[in-house]
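See structure below.
The values are calculated or read from the model by the stated rules, or taken from the named source; none is laboratory data. Being a predicted model, the structure only gives us computed values, none of them experimental. Cβ: placed from backbone, ideal geometry, glycine included. Neighbour counts: every protein chain shown.
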Amino acid sequence: TMRMGVLTSGGDCPGLNAVIRSVVHRATADHGDEVIGFMDGWKGLLEGEYRKLDLDAVGGILARGGTILGSSRVQPAHLRDGVERARGHVAELGLDAIIPIGGEGTLKAARLLSDAGLPIVGVPKTIDNDIAATDVTFGFDTAVGVATEALDRLKTTAESHQRVMIVEVMGRHTGWIALHSGMAAGAHAIVVPERPFDIEELTARVAERFEAGKKFAIVVVAEGAKPREGTMAFDVGGTDVYGHERFAGVARQLSVELETRLGKEARPVILGHVQRGGTPTAYDRVLATRFGWHAVEAAHRGEFGMMTALRGTDITLVPLAEAVESLKTVPVERYDEAECVL
Ligand code: F6P
């Protein structure tokens, strides 16, 4: 039997609780392991704050959004003695495995600690679906569902008022949520960060629709999208205290620009964290549960320095080093399928 520590770090994501539950079920019920959960991400490991996780502790959390362990953006690399502190607590607690669940930043920290000799099996998480080493991340399906429902709803009000709705969805570096929700809801234009947009082209696309007698238009834009250099005045924003991009609001800026250019009322709608809250879809619960199960199995086989990944329909393990190498951007072939990507 083993003693394992699990933690959730970085932005939350529907399905985190399903992973925690799955780890606890597989480890404690099937292997007779002991599991503890570190509080608020790496912070809990660095400060030695944790709680025991048994079957009771994870009862009823499968369908619950957020994370019962809490999360933070604190990372071992932020502290000069971060790695040593983590190592100290792992030794003190007699842990044989640590399962961090997180996105890009978390997996980078996982790699750092793994390189320092700690026994780590990572689980990828992001609603953005942009981790290259896995075909899909849990949370994405939920986010796309929320965005699609919002787009469906916005269509009816847009039509009543003959407006252009510019709907901003999440996606700092990639347009996966924009592409999939836009396709699912039949948006009239989709704007992604991968390809800077031309405002003239976007204006022409919407204008054509009105000229063809349609009464409204829906534009989906990923929050990280930017105009092609020199095509319109644009405030990209800055960074927050953690160095993360703080966007100035592409939907708001586009709505002003389109309203002026088209002479039609335009409204920005920013979906924001609504996309990350609430209950995960069945798909995300299943994927999260499979990741948790396989992370425990990997730990029992002593396969550390790895991350669970979905490849096709199978769960595999990939080296953490590979996991943080590159982002999975939307391939251009997908733009054509959606018909309306700029
Ligand atoms: O990476 C997930 C994500 O939701 C991005 O889509 C978004 O840009 C970012 O996190 C928002 O971060 P925060 O919760 O810190 O505002």
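Conditions (1) at pLDDT 95 or above; (2) in contact with a strand residue (DSSP E or B) (Cβ under 9 Å, 6 or more places away or on another chain); (3) farther than 27 Å from Ala321 by Cβ; (4) buried (at least 23 other Cβ atoms within 10 Å of the Cβ), marked per residue:
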position	(1), (2), (3), (4)
Glu104	no, yes, no, no
Leu113	yes, yes, no, yes
Gly117	yes, no, no, no
Phe138	yes, yes, no, yes
Gly145	yes, no, yes, no
Arg153	yes, no, yes, no
Thr157	yes, yes, yes, no
Gln162	yes, no, yes, no
_Tally, over the stretch 245-266, of residues that are out of contact with any Lys or Arg (no Cβ under 9 Å at 6 or more places or on another chain) and polar (S, T, N, Q)_ = 2
*Determine which single condition Thr174 fails, assuming it passes every other condition in (1) in contact with a Lys or Arg (Cβ under 8 Å, 6 or more places away or on another chain); (2) surrounded by 24 or more Cβ atoms within 10 Å (Cβ to Cβ).*
(2)
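Go through the stretch 72-103 and give me each residue that's touching a His at 6+ places or on another chain (Cβ under 9 Å) and either assigned to a helix (DSSP H, G or I) or not basic (Lys, Arg) (or both).
Initially, the stretch 72-103 is screened for residues touching a His at 6+ places or on another chain (Cβ under 9 Å), giving 73, 95, 97.
Passing the criteria: Leu95, Ala97.
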*Going through the stretch 263-273 one residue at a time, which ones are outside any loop (DSSP other than H, G, I, E, B) and within 11 Å of the ligand (Cβ to nearest atom)?*
Gly272, His273
*Name the one entry in Val74, Val6, Val58 that is surrounded by 17 or more Cβ atoms within 10 Å (Cβ to Cβ) and modelled with pLDDT under 95.*
Val74
*Residue by residue through the stretch 38-71, note down the ones that are more than 22 Å from Thr279 (Cα to Cα), touching a residue at least 40 places away in the same chain (Cβ under 8 Å) and in a loop (DSSP other than H, G, I, E, B).*
Gly48
_What pairs come out if I take residues in the stretch 313-342 that are over 18 Å from Ala222 (Cα atoms) and pair them with residues that are in a strand (DSSP E or B) and β-branched (Val, Ile, Thr) whose C-beta lies under 8 Å away, six or more apart or interchain?_
Ile315/Thr308; Thr316/Thr308; Leu317/Val121; Leu317/Thr308; Leu320/Ile120; Ala323/Ile131
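Of the residues that make up the stretch 232-242, is at least one surrounded by 15 or more Cβ atoms within 10 Å (Cβ to Cβ) and more than 26 Å from the chain's Cα centre (by Cα)?
Step one: filter the stretch 232-242 for residues surrounded by 15 or more Cβ atoms within 10 Å (Cβ to Cβ), giving 232, 234.
Among the residues that remain, those that are also more than 26 Å from the chain's Cα centre (by Cα) are: 232.
Yes, the conditions are met somewhere in the stretch 232-242.
Which residue out of Gly37, Gly11 is within 26 Å of Tyr283 (Cα to Cα) and more than 16 Å from the ligand (Cβ to nearest atom)?
Working: Gly11 fails: more than 16 Å from the ligand (Cβ to nearest atom).
So the residue among Gly37, Gly11 that is within 26 Å of Tyr283 (Cα to Cα) and more than 16 Å from the ligand (Cβ to nearest atom) is Gly37.
From the list Arg246, Arg276, pick out the single residue that is within 19 Å of the chain's Cα centre (by Cα) and modelled with pLDDT under 95.
Working: Arg276 fails: modelled with pLDDT under 95.
The unique qualifying residue is Arg246.
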*asked:* Here is a check on your reading of the model: is Pro14 at pLDDT 95 or above, in a loop (DSSP other than H, G, I, E, B) and buried (at least 18 other Cβ atoms within 10 Å of the Cβ)?
replied: yes
*Tally time: how many residues in the stretch 293-342 are at pLDDT below 95, closer than 16 Å to Ser114 by Cα and surrounded by fewer than 19 Cβ atoms within 10 Å (Cβ to Cβ)?*
3
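From the set of residues in the stretch 107-140 that are under 20 Å from Met2 (Cα atoms) and β-branched (Val, Ile, Thr), which is nearest to the ligand (Cβ to nearest atom)?
Step one: of the stretch 107-140, the residues under 20 Å from Met2 (Cα atoms) are 110, 113-114, 117-123.
Still in the running and β-branched (Val, Ile, Thr): 120-121, 123.
Details: Ile120: 21, Val121: 21, Val123: 15 Å.
Looking at the filtered set, the residue picked out is Val123.
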_Residue check for Asp128: of a type outside the set (A, V, I, L, M), part of a loop (DSSP other than H, G, I, E, B) and buried (at least 21 other Cβ atoms within 10 Å of the Cβ)_ = yes
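Only helices (runs of 4 or more DSSP H) wholly contained in the stretch 168-262 count here; list those with 2 or more residues that are without any contact (Cβ under 8 Å) to a residue 12 or more places away in the chain and away from the ligand (no atom under 16 Å from the Cβ). I'd like the intermediate steps shown before the answer.
Details: elements: 176-185, 199-211, 250-262.
In the stretch 168-262, 199-211, 250-262 are the helices (runs of 4 or more DSSP H) which contain 2 or more residues that are without any contact (Cβ under 8 Å) to a residue 12 or more places away in the chain and away from the ligand (no atom under 16 Å from the Cβ).
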